[in-house]
Amino acid sequence: MTRLATAIGAFRLCNPVICGAGEPVMTEAGIRAALRAGAAGVIAKSVNEQPAAARQLDRADYVRLDANGMPTAGQGVSLFNRSGLIQRDAADWFAAVAAIDRDAARDGRFVAASIVYAGPEGAVAIAAQARQAGLRVFELNVGAPHAAEATPGAIAQETDPARLTGLVRQVRAATEGMQLWVKLTGLSSNLPALTLAARAGGADAVCMMGRFMALVPDLDTFEPVLGTSAAYGGGWALPIVCRFLALTRRAAGAGLPLLGTNGARSGGDVVRMALCGAGAVELLSVTMHEGFAGLTRIIEELETFLAGRELHFQDLVGRLADGLTGYGDQPECPGRWRDFVPPESLAGTDLPG
Ligand SMILES: Cc1cc2nc3c(=O)[nH]c(=O)nc-3n(C[C@H](O)[C@H](O)[C@H](O)COP(=O)(O)O)c2cc1C
């Protein structure tokens, strides 16, 4: 076993770096490039049954933002965009993806089918198509951030635990023998409960968390950058994702496999998500910032990190989450607040603590 080997339940991966769904893997060439770059797997660009969601791709737009949230021609620190879904027929797309998955399997890798949820009937029908195509992994994204802004009906978010269990149960029945991974929203604080709900419905693993929605006012035009609210992600999101991974691991236990997504930009970031409970990480923006070579860089950084410490990746999964304590468990440090206020605040005071 190499240092990088990991597993999502019984599903073994040669390393924890998965290329997440998005435009870079909306073509067969993109999927193959991600695999060549070293990704253990690829979540192929999502489909759904709604023509409006595919049409939305023609209104998609993208911009990089700097640390002040302003558009930049450089790399920036955030990607801000509205997206749409693949415009190919699902059966045709899944047949193409399954052919690459068969090749990938020979090399210990995988390519997954993915749906951005719009409604239960469509989800079940599309899941059945993925199974019929011979795919091994199906990712059900019930939390795409664009749901609120998209044409009504094109995309839906499921944030009700009871309804999520019912939905996953139906999709589970259509994906017998496959890995079923459920990808949750970043726009709810209910992720531990939603994870338990997905598990109760039969999910093999849960991926968290989707990107956030944002509105970026332009100071020259006084209009929104890109014209609308849009999805917003960057390395800054990682600590927020880490917290939800750790809370979820504590709620669900080590037996429920978790995948991290949203904000990983380096090998160290993959380790941080692992410490909080992620057995693997789905990365996408890095490929839009620096090409698929970004995945190779991250895998190399991870290998160097682990080799330097004589560690195996799997030893790290959940290590921080399992020891996480609360505020009341911290040592007392009276007066610490004084180090963080302007001197005027302390003038003439003799406050205790
Ligand atoms: C342009 C773009 C398109 C995306 N399309 C999809 C999609 O079709 N389905 C999906 O489940 N996630 C989609 N995502 C989410 C990514 O797979 C990933 O979870 C998210 O970008 C957070 O990871 P990152 O910080 O590494 O980019 C998309 C993200 C971006 C930036």
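Spin-label model, ARG106 to ALA254: label points 7 Å out along the Cα-to-beta-carbon direction sit 3.8 nm apart. Each of GLY267, PRO71, VAL124 was placed along the dipole of the chain (beta-carbon charges, centred on the mean Cα), and the one lying farthest toward the positive end is VAL124.
Under a model in which nothing but the beta-carbon of Lys, Arg (+1) and Asp, Glu (-1) is charged, the stretch 1-108 shows a dipole of about 280 debye around its Cα centre.
Sorted on the mean count of surrounding Cβ atoms within 10 Å across their residues, most packed first, peptides 235-246, 37-48 read 37-48, 235-246. Each Lys and Arg contributes +1 and each Asp and Glu -1, all at the Cβ; summed about the Cα centre of the stretch 122-264, the dipole is approximately 740 debye.
For the chain, what % of the accessible area comes from carbon and sulfur atoms, probe 1.4 Å?
Details: 8190 of 15370 Å².
Carbon and sulfur atoms account for 53 percent of the accessible area of the chain.
By the Cβ-Cβ criterion of under 4.7 Å, the unpaired cysteines of the chain are CYS14, CYS19, CYS207, CYS333. Seen from ALA293, the other residues with C-beta closer than 15 Å to its C-beta sum to a net charge of +1, counting Lys and Arg as +1 and Asp and Glu as -1. Counting Lys +1, Arg +1, Asp -1, Glu -1, what net charge surrounds THR151 among other residues with beta carbon under 15 Å of its beta carbon? Computed value for this residue: 0. Separation of the stretch 282-343 and the stretch 65-138, taken as the distance between their Cα centroids, equals 27 angstrom.
Distant-in-sequence amide contacts of ALA7, defined by a placed amide H-H separation under 5 Å and a gap of 5 or more residues or a different chain, comprise LEU13. For the stretch 196-295, averaging the sequence separation of C-alpha pairs within contact (under 8 Å, six or more residues apart) and dividing by the residue count gives a relative contact order of 26 percent. As a rough guide to protection, the peptides 202-215, 14-27 ranked by mean Cβ packing within 10 Å, highest first, stand as 14-27, 202-215.
On a per residue basis, the chain carries 44 Å² of accessible surface, using protein heavy atoms and a 1.4 Å probe.
Computed over neighbours whose Cβ is under 12 Å from that of CYS207, the net charge equals -2, Lys and Arg +1, Asp and Glu -1. Across the stretch 6-346, Cα pairs under 8 Å and at least six residues apart give a relative contact order of 17 percent. Relative to the dominant Cα principal axis of the chain, helix 191-200 is inclined by about 30°.
The values are calculated or read from the model by the stated rules, or taken from the named source; none is laboratory data. Owing to the predicted nature of the structure, the values given are computational and were not obtained by experimental measurement. So basically every Cβ, Gly included, is an ideal-geometry build from the backbone, and we count neighbours across all protein chains shown. Please note that ligands, DNA and RNA were not included when accessible areas were found on the heavy atoms of the full protein model with its side chains. Shrake-Rupley method; radii C 1.70, N 1.55, O 1.52, S 1.80 Å.
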